[in-house]
Structures are given as C-alpha cells and as structure tokens.
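Supplied in structure tokens, the structure appears directly below.
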Amino acid sequence: MTRPGRWFHTAEPRADAARQLFFFPHAGGSAAFYRHWAALLPGVEVRVVQLPGRGERHAETPYRRTEPLVEALHEAIEAELDDRPYAFFGHSLGALLGYRLAVALAAAGGTGPALLGASGWAPERFRPVDALLPLPDGEFAAAIRRFGVLPAETGTDPELLALILPAVRADLALVADYRDDGARVGCPVVAYGGSTDPTLEPGGLAEWNSRTPSFLGASEFPGGHFYLTEHALAVATDFSRHIQRVSPERETDTDRKAGR
C-alpha cells in the first residue's frame with residue numbers, strides 16, 4: 001500500500017508483469033473500489049490512484065478544479081512509468097481523469113497509454129451536476145443518490161456519509177469545472193456503461209469515437225451508474241483482451257537469456 005500523501009496503491013506488486021494498468025476511481029471513490037481487480041487481470045501490475053481527501057489521505061484537501069488535479073497526476077505518474085507498456089481505466093470521474101491525463105501526456109511529448117478504458121462517462125452527453133453542489137448535506141445526499149452517483153453500499157449511516165460527502169462534493173465540483181475542448185487521445189479507446197445509467201444520455205458512450213484514432217466499441221451491461229460492481233469480471237476480461245491486442249509484451253530477462 002502507499003504511504004500517506006502518495007498517489008498509488010499496488011495491492012499485488014508484479015515487477016515481472018508485462019504491463020501496468022492504472023485505475024482511476026469514481027466521484028467520492030477511493031482505491032478500495034478496485035481492490036479485487038488485480039486477481040482478475042493476469043499478467044498486469046495493477047496501480048490504483050488514491051486521490052486526496054479519502055482513505056489514508058483523508059486529512060488532505062481534495063481538488064475541486066480539473067486542471068490542477070490533472071497536472072498533479074501528470075507529475076506523479078511520470079515517476080511510476082518504466083519500460084513496460086501501460087493502460088488507463090477509469091469509471092465516471094475516473095474516466096474523465098484518465099482521458100485528460102492521456103491528453104496531457106501526449107501534449108508533453110511523453111509516451112502515452114497504449115489503451116484507455118472509459119466507464120460510465122463520455123466527453124459529451126453526460127448530464128450536468130452543477131445544480132447539486134449548493135444543496136445542504138441532507139438534500140445533497142438524497143439528490144446524489146437519486147442521480148445515481150452514490151454507491152448503494154454506502155447506505156444511510158450518518159457517520160459514513162459524513163466521511164464520504166466532502167470528497168463527493170469536491171469531485172462533483174471537478175466534473176462541473178470541466179470544459180470540453182474536443183481533444184483527442186493518441187491511443188485506442190474502449191467504453192463500458194450501464195444500460196440504465198442516469199448520468200449519461202442514451203448513446204453517450206459512442207461519443208468516444210470522435211476522440212480516438214481507434215474506437216474499439218462500447219459495451220453496455222444491465223444496471224445503472226454502478227453496474228461495474230456486478231459486472232467487474234466481464235469488464236476486466238474484455239479489457240484484458242484489448243490490452244493484450246494493442247500493447248506488445250516487454251521482453252523479460254528470462255526471454256533474453258533463452259534467446260527468444
């Protein structure tokens with residue numbers, strides 16, 4: 001696990017893994033949301049972003065504007081990359097962050113991700129959240145539950161909500177702050193979503209087609225905004241298949257000694 005103030009969790013370090021996969025959580029979410037995914041992705045070292053304001057970084061002030069957070073992530077991730085190909089996967093706010101980080105890496109002339117997986121969000125046709133932000137806590141909690149951006153497992157426990165709501169507010173402020181500029185990524189994109197997700201207009205995931213040189217399609221699963229909880233295995237299996245197709249494996253020391 002990461003030390004306080006650090007950006008990434010690695011539940012199962014795999015230095016010999018052929019690829020790295022960086023995960024970005026949803027609004028209010030923490031690295032714990034992806035804690036089981038390492039077991040679903042053989043041959044991949046899973047790195048999960050832990051944003052300020054949650055988990056062991058709970059005491060840190062969360063970001064409320066998109067650009068400064070992307071800049072901080074850009075600086076942090078450059079220290080994590082090695083000679084292995086890597087990919088991004090994000091759900092909801094995490095998809096926004098993965099997308100903008102891929103754009104930033106390309107603009108800086110760096111090696112971008114080999115693949116971007118976007119779940120539950122698209123650069124266009126997502127429903128605005130601005131009206132939710134001024135609401136007092138009780139109304140805010142009820143509104144985001146109706147809107148579908150609060151996981152069902154959070155329940156109604158006031159103490160738990162008191163821990164979660166500040167991060168959710170800050171993260172929705174990030175979404176409200178985002179201004180789309182039509183930027184394209186340089187890698188393939190594959191999209192996933194819930195068939196009854198209230199945060200996206202119908203057909204919204206298809207908007208990714210205009211943001212990538214290679215759109216690998218959109219898959220919808222039964223469920224709402226948090227369909228991913230029930231369909232993690234199916235999404236991970238499909239995403240793993242795409243990673244293997246678009247990114248060559250790193251040559252290992254064993255391969256070199258064997259003359260492969």
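Pairs of Cα atoms under 8 Å, at least six residues apart: use those to get the relative contact order of the chain, whole percent.
Normalised by residue count, the contact order of the chain is 21 percent.
What does the charge dipole of the stretch 39-144 about its Cα centre add up to, to the nearest 20 debye, if the Cβ of each Lys and Arg holds +1 and the Cβ of each Asp and Glu holds -1?
The dipole magnitude comes to about 300 debye.
Here's something else I'd like to know. Once you place label points 7 Å from the Cα toward the Cβ at ARG6 and ARG179, how far apart are they in nm?
Each label point is offset 7 Å from its Cα along the Cβ direction, giving 3.7 nm.
While we're here: In the full protein assembly as shown, how much of GLU159 is accessible to a 1.4 Å probe, in Å² to the nearest 10?
Surface open to solvent at GLU159 totals about 140 Å².
Tell me, what is the Rg over Rh of the chain, with Rh the Kirkwood radius over Cα pairs?
0.96
Taking 25 Å as R0, compute the FRET efficiency from the Cβ-Cβ separation of PHE147 and ARG125 and round it to 0.05.
The value I calculate is 0.95.
Can I ask one more? Within the stretch 66-83, whose backbone N sits under 19 Å from a point 7 Å along Cα→Cβ of ALA107?
Residues 66-79 qualify, since their backbone N sits under 19 Å from the label point.
With only Lys, Arg, Asp and Glu charged, each at its Cβ (+1 for the first two, -1 for the last two), find how big the charge dipole of the stretch 26-89 is about the Cα centre; round to the nearest 20 debye.
The calculated dipole for the stretch 26-89 is roughly 420 debye.
Here's something else I'd like to know. Toward the positive end of the charge dipole of the chain, about the Cα centre and with charges on Cβ (Lys, Arg +1; Asp, Glu -1), which of HIS231, SER219, PRO113 goes farthest?
PRO113
Considering only protein heavy atoms and a 1.4 Å probe, what is the carbon-and-sulfur percentage of the accessible area of the chain?
Result for the chain: 53 percent of the exposed heavy-atom area is carbon or sulfur.
Dipole magnitude of the chain about its Cα centre, charges +1 at Lys/Arg Cβ and -1 at Asp/Glu Cβ only, in debye to the nearest 20?
380 debye
Can you order the peptides 116-126, 175-185, 218-228 by their average number of other Cβ atoms within 10 Å per residue, highest first?
Output ranking for 116-126, 175-185, 218-228: 116-126, 218-228, 175-185.
Dividing the convex hull volume of the Cα atoms of the stretch 1-118 by its residue count, what figure in Å³ per residue is obtained?
Taking only Cα atoms, the stretch 1-118 has a hull volume of 94 Å³ per residue.
The values are calculated or read from the model by the stated rules, or taken from the named source; none is laboratory data. Everything quoted here is computed from the prediction, not taken from an experiment. Methodologically, a virtual Cβ is constructed for each residue, glycine included, from the backbone with ideal geometry; neighbour enumeration extends over all protein chains shown. The protein model used for the area step is the full one, side chains on, heavy atoms only, and it has no ligands, DNA or RNA in it. Shrake-Rupley method; radii C 1.70, N 1.55, O 1.52, S 1.80 Å.
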